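The values are calculated or read from the model by the stated rules, or taken from the named source; none is laboratory data. All of these numbers come straight from a predicted model, not from anything done at the bench. Cβ placement follows ideal geometry from the backbone for every residue including glycine, while neighbour counts extend to all protein chains displayed.
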There are 2 protein chains.
Amino acid sequence: MSEDAGQSRTWPVRGGSLPRPLEDVLVIDLTRVLAGPFATMILRDLGATVIKIEQPGVGDEARGIGPFRGDVSAYFMSINRGKKSVTLDLKKPEGRRILLELVARADLVVENFRGGVLERLGLGYDVMRSVNPRIIYAACSGFGHTGPYAERPAYDMIVQGMSGIISLNGQEDGPPARVGTSIGNLSGGLFTVVGILTALHQRERTGKGQKVDVALLDSLFALLENAVARYDVDGEIPRPLGSRHPSITPFEVFESSDGHVVIALCNEKHWRLFCEHVGRPGLASDARFADNKSRTDNYDSLLPLLRKIVRRRSSREWIETLGRIGVPCGPLNNVPQVMADPQIQARGMLAEIEHARAGKFRVTACPIKLSDARVEVTEPAPDLGQHTEEVLSTLLGYSRGEIARLRKEQVI
Amino acid sequence: MSEDAGQSRTWPVRGGSLPRPLEDVLVIDLTRVLAGPFATMILRDLGATVIKIEQPGVGDEARGIGPFRGDVSAYFMSINRGKKSVTLDLKKPEGRRILLELVARADLVVENFRGGVLERLGLGYDVMRSVNPRIIYAACSGFGHTGPYAERPAYDMIVQGMSGIISLNGQEDGPPARVGTSIGNLSGGLFTVVGILTALHQRERTGKGQKVDVALLDSLFALLENAVARYDVDGEIPRPLGSRHPSITPFEVFESSDGHVVIALCNEKHWRLFCEHVGRPGLASDARFADNKSRTDNYDSLLPLLRKIVRRRSSREWIETLGRIGVPCGPLNNVPQVMADPQIQARGMLAEIEHARAGKFRVTACPIKLSDARVEVTEPAPDLGQHTEEVLSTLLGYSRGEIARLRKEQVI
C-alpha cells in the first residue's frame, strides 16, 4: 500500500520487524463520533489493541455521517481504522456484565459521553476500578466531569464559541468564522491521549490506574496561546486579524500575480534579505520598519507597499526565489494540493486503507515518526460487530453456544 | 494562588500530597519560541523537571516578543512557567561537552531547530545516544527530519498555508484567514508530547531510547479531519464555510437581538425540540428539513427562516431557554468573557503565577485533570540563566571555581 511504501523510505529507519510502541496496551473504547474516536485512533496507530463497543443494530452515529463510498462512511473509516468492533447492549444487565469482564482484562477505558451518563448506567470509574485497580479510565467530554456545566451537552461548535477561539478567527470586522476543522474535538482528543500516556507512565511506578478527565472547553482554552497573556497585560480585547499575526510583521497571506502566497518573516536578517531581494533596501533602513515592533506598529503604512511588491510575481516565482535566499515563503494549498505535496508524500502522511466491500479510502496518517518502532495505518475500520465473536471467544472464553444465546437475546 | 484554589475544589480529588505524574522524568530542553516550548510546558505542568538551555546573553527569542510587564515578556512567561534556565554556548566545545554531560543524566532531549542544525553542531541523535542509550530525542520541526523540505525554514504561518487548513477557514468567497492562534505550532507540540510519552512507554520494555520526529506540517495535515475523506469520496475541493459545519445543520453562529449565539443540533430529537420550542413544529415535519441530510442539502432555504427566528431574542434568553430543554446552545465569548466563565474557573483553567520583579501573570492552565496525581501551574518562567549554577553544581558536581571560569570564558 502507498502508506507502507511512503513510510519505508523514511520511517521506521530499521525496517518492518520493529515492535509497535503500544502493542502491549488493551483499550476498551466506548467513544462515539469524533473527540474520543480521534484519541483512540492515535492509540491504535501507535499499536494499541482497540476494542470499540457499539450498540447492537445501531453503532457509532458516525457510521451514518457522510460522505459514503458504497454503504461505508468515509468519515467513520478515517477515524476508526484498525479498531475492532464488538456489539454490546449496555442497557441490559448482561451487556454491562460482559463489559466489566473486558474491563477486568484491559489497560484503558476511554469514553466521551456527557458527564454522569456512564455513572447512571452503573459503569462509572468507581465500578470499573473495583473490577480492575490497574484500569486507567479516560473521559473526554464537552465540559469535563466537574464544575457547573458538567452534565450539559456540548458539541465542537458550542465549545468553539465559548472558548474564545472564534473571537480570534476570521477577518477584522467580518462575521464570526468557525475554525475550519473540528478543533475542539481534535484538541480534546489529543490532550486525552497525553493524559492517558501520562497515567500509564505513573502506573509503572504505582501499579495503580486512575481517572483522566479532559474537557473540550479546557483544551481549546489552553490553545488560545498568547491571547490570554496579551489581554492580561494590555487589557485590550484580542480580535480577529484576517491572515496576519498579532505581533509579527510581515507574517501573512499576500496576493501574487496569479493567486496567493504566504510570506512569514520572523527575524531582522530575513527582513533585510527580503528588502534587498525586491530591490527596496531602503525599506529595511526606514526607521518605521527597522524592527519587528516598528513594523507591527506601522502595519498600516507598510502593508500597501508590500502588497504592491508581492503582486508583481507569480506564487511559484516567489516560492522559488525567496526559497533560494532562505526567506520563509510558501504556497496557499487547498486539500488536493496538500495531498499531492512531495513532503507530505515523502513523510508517508497519506495512507491508503482497503475495505472489503467499499474499496480503497485515502486517510491522513499518524504524524508521530519513531526511529525504533512501527507506527502504521494499514487496516480499515470494522463493520458493526465484526469482531464480537472473536473477542468474546478469544479474550473472554465464551463458547459458541453462549455467543448464540447472547445474540438471540440481543445482548450482542 | 487562584489556580490552587480552583483546582482544590475539583482536581486532584485526594488533596495536595499526591505525586506529580512525570516527577521522575528529566528533560533537557533546547527549544525556542513556541512549538517546542509548548511541548515541554505540558511535560513541566505534568511534573517533569525541564532544564531549558539558552544561549548566554541572548536566550530564547521569545523573551523579546511582547507584550511585556516590566521587563518580562508575558508571552515567554506563559509557555515557560516552572522550567529551569541554564545558559550554555553550544558553539563552544566546552558548551557542547557540558550539554552531553546533562544528556547522559537525562531521560529526554527536546529540540525544535530546523532539520540538520544540531547535527552540524555535532549534537545529533547518534551522538546523544552514544552518551546515553536510554535517551529519547524528540525533534519538532516545520517539515520533519526527512523528505525534500527537511532543511527548509518554516514558521507557523508557512505551515498553515501549506497544510490546507486556511483553505477551510474563514468566509465563503472571502479573503484567506489564518486560524486565529498558532495552531501549527500548538498541534505540532502536542503530537511531540504524545510521541515522547509513547517512546517512554516503549523504553519500559526495551530499556532503550529512540528518536521522535514530528513535523508541524504533518501535524496540521492530520487535523484536517473529514476534509481529506470528503475530497477522496466526492472529488469536490473543500472550501471555507464561515461558521457553519460542512455536513451538520443547523450548527453555526447566529445573530441574536443583542449579539451572537451558537446553536448546534446534532440529532433529530434536538431539532424537533427546537422547532416545538420556537412555535414552528411544522419545520420539523417539512420534508425539506426532516433529517440532517435534507437540512444540509436545503441549507439555503432553511437559513433565512432560522435567522429570522433567532434574531427575536437576546443571546442570554436563548442560552437559558434552550438550555432548559437540553438543546445545545452557547455564547460567543471573547477572551475576557471566557476567562470569567464559571466552568473555566471551576476547572482551575486560569492559573496565576508570580514573577519576583514583574509581579503576577494570568496564564491558561493544563487541561489534563488526573484523579491521583498533581497537575499544577504555580511557578513563573525563569530569568535567563537563573539556574545555571544550581544545575551545574547539583546535577553535574561542578565546583564554584570551575563555574566562575566557565562564566569568565563565556561558556555559560
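Taking the stretch B:117-162, which residues are of a type in the set (Gly, Ala, Ser) and under 20 Å from B:ALA199 (Cα atoms)?
B:GLY124, B:SER130, B:ALA138, B:ALA139, B:SER141, B:GLY144
Would you check which residues across the stretch B:48-65 are within 9 Å of chain A (Cβ to nearest Cβ) and in contact with a Lys or Arg (Cβ under 7 Å, 6 or more places away or on another chain) and list them?
Scanning the stretch B:48-65 gives a single hit, B:GLU61.
Output the residues belonging to the stretch A:144-170 that are within 22 Å of A:PRO37 (Cα to Cα), part of a helix (DSSP H, G or I) and aliphatic (A, V, I, L, M).
Selection gives A:MET157, A:ILE158, A:VAL159.
Residues checked against (1) of a type in the set (A, V, I, L, M); (2) out of contact with any Asp or Glu (no Cβ under 6 Å at 6 or more places or on another chain):
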site	(1), (2)
A:ARG374	no, yes
A:VAL377	yes, no
A:HIS387	no, yes
A:GLU390	no, yes
A:GLY401	no, yes
A:ARG405	no, yes
A:LYS408	no, yes
A:ILE412	yes, yes
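Which one is surrounded by the most Cβ atoms within 10 Å (Cβ to Cβ) among residues in the stretch B:128-168 that are of a type in the set (Lys, Arg) and at pLDDT 95 or above?
The extreme case among them is B:ARG129.
Taking the stretch B:336-352, which residues are more than 8 Å from chain A (Cβ to nearest Cβ) and part of a loop (DSSP other than H, G, I, E, B)?
Hits for the stretch B:336-352 are B:ALA340, B:GLY348.
In the stretch B:320-335, what residues are surrounded by fewer than 22 Cβ atoms within 10 Å (Cβ to Cβ) and either more than 10 Å from chain A (Cβ to nearest Cβ) or at pLDDT below 95 (or both)?
B:GLU320, B:THR321, B:GLY323, B:ARG324, B:ILE325, B:GLY326, B:VAL327
Pick out, from the stretch B:178-294, the helices (runs of 4 or more DSSP H) lying fully within it that include 3 or more residues that are of a type in the set (Gly, Ala, Ser), more than 10 Å from chain A (Cβ to nearest Cβ) and over 30 Å from A:PHE251 (Cβ atoms).
Here the list reads B:281-285.
Out of (1) of a type in the set (A, V, I, L, M); (2) over 15 Å from A:VAL228 (Cα atoms); (3) crowded, with 24+ Cβ neighbours inside 10 Å, the odd one out for B:ILE79 is which?
For B:ILE79, the exception is condition (2).
Counting only residues that are in a loop (DSSP other than H, G, I, E, B) and out of contact with any Lys or Arg (no Cβ under 9 Å at 6 or more places or on another chain), which one in the stretch A:382-412 is nearest to A:GLU54 (Cα to Cα)?
In this case the residue turns out to be A:GLY385.
In the stretch B:45-65, what count of residues is obtained for those that are touching a helix residue (DSSP H, G or I) at 6+ places or on another chain (Cβ under 7 Å), under 21 Å from B:SER182 (Cβ atoms) and in a loop (DSSP other than H, G, I, E, B)?
Within the stretch B:45-65, residues that are touching a helix residue (DSSP H, G or I) at 6+ places or on another chain (Cβ under 7 Å), under 21 Å from B:SER182 (Cβ atoms) and in a loop (DSSP other than H, G, I, E, B) number 2.
Have a look at A:GLY184, A:GLY115, A:GLY180 and point out the one that is at pLDDT 95 or above and assigned by TED's automatic domain parsing to the domain that holds A:LEU217.
After ruling out the rest, the residue left standing is A:GLY184.
Every residue in the stretch A:55-76 that is surrounded by fewer than 22 Cβ atoms within 10 Å (Cβ to Cβ) and either in contact with a Pro (Cβ under 9 Å, 6 or more places away or on another chain) or farther than 21 Å from A:GLU390 by Cβ (or both), please.
A:GLU61, A:ALA62, A:GLY64, A:ILE65, A:GLY66, A:PRO67, A:PHE68, A:ARG69, A:GLY70, A:ASP71, A:VAL72
Quick test for you: out of A:ILE42, A:ILE79, pick the one residue that is in a helix (DSSP H, G or I) and touching a Cys at 6+ places or on another chain (Cβ under 8 Å).
Exactly one residue qualifies, and that residue is A:ILE42.
Sort out which residues of the stretch A:300-316 are of a type outside the set (A, V, I, L, M, F, W, C), away from chain B (no Cβ under 14 Å) and either in contact (Cβ under 8 Å) with a residue 60 or more places away in the chain or buried (at least 16 other Cβ atoms within 10 Å of the Cβ) (or both), and write them in order of number.
A:ARG313, the sole residue that qualifies.
For the structure I just gave you, tell me whether B:ARG362 is surrounded by 22 or more Cβ atoms within 10 Å (Cβ to Cβ) and at the interface with chain A (Cβ under 9 Å from one of its Cβ atoms).
Considered against the rule, which asks whether it is surrounded by 22 or more Cβ atoms within 10 Å (Cβ to Cβ) and at the interface with chain A (Cβ under 9 Å from one of its Cβ atoms), B:ARG362 comes out as no.
Regarding the stretch A:125-143, can at least one residue be identified that is touching a Pro at 6+ places or on another chain (Cβ under 9 Å) and facing chain B (nearest Cβ under 7 Å)?
Among the residues of the stretch A:125-143, not one is touching a Pro at 6+ places or on another chain (Cβ under 9 Å) and facing chain B (nearest Cβ under 7 Å), which makes the answer no.
Got a number for residues in the stretch B:209-234 being more than 17 Å from the chain's Cα centre (by Cα) and in contact (Cβ under 8 Å) with a residue 24 or more places away in the chain?
Total satisfying the criteria: 6.
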